[in-house]
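Colleague: Please find one structure pasted underneath; my questions will follow.
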Amino acid sequence: MTPAMQTASAPVSLIAGLLALSSSPASAESAATRVIKCEGSFGRNASHASLVKAFGNNNVVYREIEGVQDKKTKASILYPADPKARLEFIWQDERARRRPALIRAKDQSAWAVANGIRIGTALADVEKMNGKPFKLSGFDWDYGGRVTDWRDGALAKPQPGGCTLGIEFVHPEDAPEESLTKVSGDREILSDHADMRAVEPYVAVMTFSYPKR
């Protein structure tokens, strides 16, 4: 084989190797762990101990995190050093660190809901999944951008396993000021409002909560 032919075949071999790797069981398992399902390690009876058992002691810590209005709260954090794999667990029984009250994905987290919603999903796409417009709070205050009422849409139904999906939206920094002013502050706005659509909100936080027993 000539040097030119060797050079041409190298990228082909590399691509073939990458394709084989992407279809391997290990890769498939890794992709599956990025979907949040309200069962097993994320079920209503989950605990800090069960997270450690499932993901390893080095991948789970218990520490303070930022809450609403800059208040601190204690939580178990899965993959604290990996922004794309990070999840936060706030417990109903804080002393025993069990029974999640809230599971939260935010910032760069790559976790997704089984229906495909993830950080960065556009508001318009979430509305389609809900099957109808929903209500959310105005932007740029402590509770800004939170879905307040799914209005009996598809996303109002509990997820398999019994948890409820919550979403917080944010707007791009370059959102048109005239429209943003009309959808900011302590008020409820429908997702199909013209000014709401104009600022092009997207998912910034996903939460999964369980009712107290």
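The values are calculated or read from the model by the stated rules, or taken from the named source; none is laboratory data. Keep in mind it's a predicted model, so treat the numbers as computed, not measured. Neighbour counts run over all protein chains shown; Cβ positions are idealised from the backbone, glycine included. Remember, those area values only see protein heavy atoms, side chains included, never the ligands or the DNA or RNA. Shrake-Rupley method; radii C 1.70, N 1.55, O 1.52, S 1.80 Å.
Colleague: Those residues that are open to solvent by 80 Å² or more (accessible area, probe 1.4 Å) and part of a loop (DSSP other than H, G, I, E, B), I need them from segment 181-197; list them, please.
Modeller: Across segment 181-197, the qualifying residues are 186, 187.
Colleague: Looking at residue 165, is it in contact with a Pro (Cβ under 9 Å, 6 or more places away or on another chain), surrounded by 12 or more Cβ atoms within 10 Å (Cβ to Cβ) and in a strand (DSSP E or B)? Steps first, please.
Modeller: Numbers: in contact with a Pro (Cβ under 9 Å, 6 or more places away or on another chain): yes; surrounded by 12 or more Cβ atoms within 10 Å (Cβ to Cβ): yes; in a strand (DSSP E or B): yes.
Against the criterion (in contact with a Pro (Cβ under 9 Å, 6 or more places away or on another chain), surrounded by 12 or more Cβ atoms within 10 Å (Cβ to Cβ) and in a strand (DSSP E or B)), residue 165 qualifies.
Colleague: If the Cβ limit is 7 Å and pairs must be 6+ apart or interchain, which residue in segment 80-91 that is of a type outside the set (Val, Ile, Thr) pairs with which residue that is assigned to a loop (DSSP other than H, G, I, E, B) and open to solvent by 60 Å² or more (accessible area, probe 1.4 Å)?
Modeller: Going by the 7 Å Cβ cut-off, the qualifying pairs are 80/86; 83/107; 83/108; 84/108; 91/97.
Colleague: Looking at segment 177-213, which of its residues are of a type in the set (Asp, Glu) and within 30 Å of residue 42 (Cβ to Cβ)? Steps first, please.
Modeller: Just the residues of segment 177-213 that are of a type in the set (Asp, Glu), to begin with: 177-178, 186, 188, 192, 195, 200.
Within segment 177-213, just 188 meets the criteria.
Colleague: For segment 61-148, which fully contained strands (runs of 3 or more DSSP E) count at least 1 residues that are open to solvent by 60 Å² or more (accessible area, probe 1.4 Å)?
Modeller: Details: elements: 72-78, 87-93, 98-106, 135-137.
Hits in segment 61-148: 72-78, 98-106, 135-137.
Colleague: What are the pairs, 6+ residues apart or on separate chains, where a residue within segment 45-60 that is open to solvent by 70 Å² or more (accessible area, probe 1.4 Å) has its Cβ under 7 Å from a residue that is modelled with pLDDT of 95 or more?
Modeller: 45/99
Colleague: If you scan segment 127-149, which residues turn out to be on the phi > 0 side of the Ramachandran plot and either hydroxyl-bearing (Ser, Thr, Tyr) or within 17 Å of the chain's Cα centre (by Cα) (or both)?
Modeller: Selection gives 145 alone.
Colleague: Exactly one of (1) of a type in the set (A, V, I, L, M, F, W, C); (2) over 21 Å from the mean Cα position of the chain (by Cα); (3) within 17 Å of residue 104 (Cα to Cα) is unmet by residue 194. Its number?
Modeller: (3)
Colleague: Suppose the filter is in contact with a helix residue (DSSP H, G or I) (Cβ under 9 Å, 6 or more places away or on another chain) and in a loop (DSSP other than H, G, I, E, B); does residue 45 pass it?
Modeller: On the way: in contact with a helix residue (DSSP H, G or I) (Cβ under 9 Å, 6 or more places away or on another chain): no; in a loop (DSSP other than H, G, I, E, B): yes.
Considered against the rule, which asks whether it is in contact with a helix residue (DSSP H, G or I) (Cβ under 9 Å, 6 or more places away or on another chain) and in a loop (DSSP other than H, G, I, E, B), residue 45 comes out as no.
Colleague: Any residue in segment 109-125 that's within 18 Å of residue 150 (Cα to Cα) and without any contact (Cβ under 8 Å) to a residue 12 or more places away in the chain: show its pairings with residues that are open to solvent by 40 Å² or more (accessible area, probe 1.4 Å) and part of a loop (DSSP other than H, G, I, E, B) at Cβ separation under 7 Å, as long as the two are six or more apart or on different chains.
Modeller: Within 7 Å, no pair qualifies.
Colleague: Within segment 170-180, can you find the residues that are touching a strand residue (DSSP E or B) at 6+ places or on another chain (Cβ under 6 Å) and open to solvent by less than 50 Å² (accessible area, probe 1.4 Å)? Before you say what the answer is, go through the steps one by one.
Modeller: Our first condition is that a residue be touching a strand residue (DSSP E or B) at 6+ places or on another chain (Cβ under 6 Å); within segment 170-180, this holds for 170-171.
Scanning segment 170-180 gives a single hit, 171.
Colleague: In segment 46-69, how many residues are at pLDDT below 95 and either closer than 17 Å to residue 92 by Cβ or under 18 Å from the mean Cα position of the chain (by Cα) (or both)?
Modeller: Number of matching residues: 4.
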